[in-house]
Amino acid sequence: MTATPEDIKKAVALLKEGKLIAFPTETVYGLGGNALSDDAVAEIFAVKDRPQFNPLIVHVRSLEDANHHVEFNKTALVLARKFWPGPLTLVLPRRKDCQLSLLVSAGMNTVAVRMPAHPLAQALLHEAQMPIAAPSANRSGRISPTEAAHVREELGGRITMILDGGPCQIGIESTVVDMTGNVPVILRPGSVTEEQIVEIAGPLASSKSSDIKSPGMLASHYAPNKPLRLNATHVNIDEALLAFGHNIPPNTLQVENLSPTGNLHEAAANLFRMLRHLDASHAKSIAAMPIPEEGLGIAINDRLKRAATPPTKE
Ligand code: TXA
Ligand code: MG
């Protein structure tokens, strides 16, 4: 472990400026940003070249901290007490007053939280006193880095700092368990095994079980309640407008502008919050202006397309 307390202080200063840093966890290296900042989270997607806004794991320093942001049910509490700190990620409902960026939830009402066991990750979280959103520190479509040198190969030149904690002990990502239903569901297998979870939590839902709230919808995505019309160049009388850029068609109802200057980074940071505002408006439906299909615009368009398509039932 070569990172000094000064290195950690420097990393925290960067995080507070909204910058990203890479840091080791016991599973793989993470690409970390302030989970309270839409802007920092948008930067994570930009740096990874992710064509989609997948929800991200929020790393916390304690169960108490996690409890500020999400609601634990009994089983989730038992699992956290048993496996935290460690490679278990729990997907839980956001609290009503949850301050975490909506972009870490990809617009949904849930957040994946985990308390990492790596001493350097813990030192970072303690010094920062903020929740840290961190996907694996690789570019999209590539394998997760388990050494600082891998991170440099993947992201060198794109981020300001890599905290070197040596090779990761576990080397595969955390187990992700959806705890929002009556019965836990493993969304991603990892180093905490199904048997270990069953021993503590009882039987899991299988894909055939009626206990799953909405089969086939587990890797769900945000969709507004109102119909959403894409690539709008005019606005109908009963539509609210999700605008982009300065050249906005005439309209009468509520408007939210993703980025008046046409900045895709700003648009990504605003996307889910603004969609929610428009969904809560008096308009009958929502019209979204075209977004350029480049950079973060690819992920924005991916999510808009999904939001415009009603979820399919199995
Ligand atoms: O070991 C790990 O988990 C590493 C280290 C850095 O902590 N992180 C990691 O993050 O692997 P990422 O972003 O590469 O993977 C996160 C996984 C994805 O499969 C994502 O779909 C799922 O967690 N996930 C995150 N938030 C979710 C949510 N609200 N609902 C359902 N799945 C979620
Ligand atoms: Mg990953």
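Laboratory data are not the source of any read-out in this text; all were calculated from the coordinates shown. Quick caveat: nothing in here was measured; it's all calculated off a predicted structure. We place every Cβ from the backbone using ideal geometry, glycine too, and count neighbours over all the protein chains shown.
Quick one: how many lysine pairs in the chain have C-alpha atoms under 15 angstrom apart, if they're 8 or more apart or on different chains?
Taking the Cα cut-off of 15 Å, the pair count is 8.
With each pseudo-label sitting 7 Å past Cα toward Cβ, what's the LYS305-ILE248 distance in nm, one decimal?
Each label point lies 7 Å from its Cα, and together they span 2.7 nm.
At 222 nm, what helix-only mean residue ellipticity would the chain give, in deg cm²/dmol to the nearest 500, using -39500 (n - 2.57) for each DSSP H run of four or more?
Mean residue ellipticity at 222 nm (helix-derived): -9000 deg cm²/dmol.
What FRET efficiency, computed as 1/(1 + (r/R0)^6) with R0 = 45 Å and r the Cβ-Cβ distance, is obtained for GLN169 and ASP238, rounded to the nearest 0.05?
0.20
I want the local charge near ALA287. Using Cβ-Cβ distances under 11 Å, sum +1 for each Lys or Arg and -1 for each Asp or Glu among the other residues.
+1
Eigenvalues of the Cα gyration tensor times 5, then square-rooted: what semi-axes does that give for the chain, in whole angstrom, largest first?
Taking √(5λ) for each eigenvalue gives 33, 25, 16 Å, largest first.
Which of the peptides 82-92, 246-256, 183-193 is most tightly packed, and how do the rest follow, judged by the mean count of other Cβ atoms within 10 Å per residue?
Peptide ranking by packing, descending: 82-92, 183-193, 246-256.
Work out, step by step, the length gained on full extension between HIS282 and ASN182: first 0.36 nm times the residue separation, then minus their alpha carbon distance; give nm to one decimal.
Gain in length upon complete extension: 32.6 nm.
Which order do peptides 299-306, 166-173 fall in by mean Cβ count within 10 Å, highest first?
299-306, 166-173
Relative to the longest principal axis of the C-alpha atoms of the chain, give the angle of the C-alpha long axis of helix 5-16, reported between 0 and 90° and rounded to the nearest 10°.
Roughly 10 degrees between the two axes.
Provide the net charge surrounding LEU275, with neighbours chosen by a C-beta distance below 10 Å and charges set as Lys +1, Arg +1, Asp -1, Glu -1.
Net local charge, LEU275 excluded: +2.
What is the sum of charges around ALA80, taking Lys and Arg as +1, Asp and Glu as -1, for the other residues whose C-beta is under 12 Å from the C-beta of ALA80?
+2
Give a residue-ordered list of calculated ³J(HN,Hα) values for the range 79-92 (Karplus: 6.51 cos²θ - 1.76 cosθ + 1.60, θ = phi - 60°; whole Hz; x for Gly, Pro).
Along the range 79-92, the couplings run 5, 5, 4, 7, 10, 9, x, x, x, 10, 10, 10, 8, 9 Hz.
Ordered by residue, what ³J(HN,Hα) values in Hz, to whole numbers, does the range 30-45 give under the Karplus form 6.51 cos²θ - 1.76 cosθ + 1.60, where θ = phi - 60° and Gly and Pro are x?
Residue by residue, the range 30-45 yields x, 9, x, x, 4, 6, 8, 10, 4, 5, 5, 5, 4, 5, 4, 5 Hz.
Tilt of helix 264-279 relative to the longest C-alpha principal axis of the chain, in degrees (0 to 90, nearest 10)?
So the helix axis and the longest Cα principal axis differ by about 70 degrees.
Based only on other Cβ atoms within 10 Å, what is the fewest-to-most ordering of TYR222, TYR29?
Ordered from fewest to most neighbouring Cβ atoms within 10 Å, TYR222, TYR29 come out as TYR222, TYR29.
Report the gain in length on full extension from LYS74 to ARG229: 0.36 nm times residue separation, minus Cα-Cα distance, nm rounded to one decimal.
Computed gain between LYS74 and ARG229 is 51.7 nm.
For a footprinting-style exposure proxy, rank THR25, THR175, THR2 by other Cβ within 10 Å, fewest first.
Fewest to most other Cβ atoms nearby, the residues stand as THR2, THR175, THR25.
Can you tell me the length gained on complete extension of the stretch LYS82 to LYS9, counting 0.36 nm per residue apart and subtracting the Cα distance?
23.2 nm
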